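No lab work stands behind these numbers, since they all come straight from the coordinates. Model, not experiment: these values are computed from the prediction. Neighbour counts are summed over all protein chains in view; Cβ atoms, including those assigned to glycine, are modelled from backbone coordinates with ideal geometry.
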Amino acid sequence: MLDWSMSAPGAGPPLSASEERTWGMVAHVGVFVAAWFAMGFLCPLVIWLVYRYRSDFVRRHALESLNFQLSLLIYTAIAVVLILITFGLGVLIIIPLVVIGAIAALVVIVLATMAASSGHEYRYPLTIRLVR
């Protein structure tokens, strides 16, 4: 588990409440841009790296989104391994689970974006907290 200090020299001025909500929303909804390349974790990672010292709110939302995206990547890797181990028969079980999971992921990402927009916290379900 990674843990970085909240103080850094030259981190920049604190963000306004409006900027915090905006970057918090982008940390969640921005994954759709990188998701086309199976790298949905890039947007929250970049936001976390850039704004983690300037806003605790943005840091928490970016970390939550990053951990969720990394969890999805791990779950996908497990699904691929199961398909390979079962010589393709696992597809009969994995494909419906992937469809249900994709719809559920879309719903929770929208919920997280709405929570960030209104200034509230959000915790994704079934998330492995790899980065702290």
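In table form, for the structure just shown:
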quantity	calculated
Expected-Rg normalisation [2.2 N^0.38 Å, Cα atoms] applied to the chain	1.16
Pairs of alpha carbons in segment 14-64 whose separation is greater than 14 Å (percent)	42
Span from the segment 102-128 Cα centroid across to the segment 51-65 one, whole angstrom	15
Overall Cα dimensions of segment 53-108 - principal axes, largest extent first, Å	49, 21, 6
Acute angle (nearest 10 degrees) that the helix 17-29 long axis makes with the longest principal axis of the chain, alpha-carbon atoms	10
Reciprocal of mean inverse Cα separation for segment 86-132 (Kirkwood radius, Å)	12.8
Segment 43-132: chymotrypsin sites (Phe, Trp or Tyr not before Pro) in DSSP loop, at most 10 other beta carbons within 10 Å	F87
Cα-based helix-to-principal-axis angle, 91-117 vs the chain, degrees rounded to 10	10
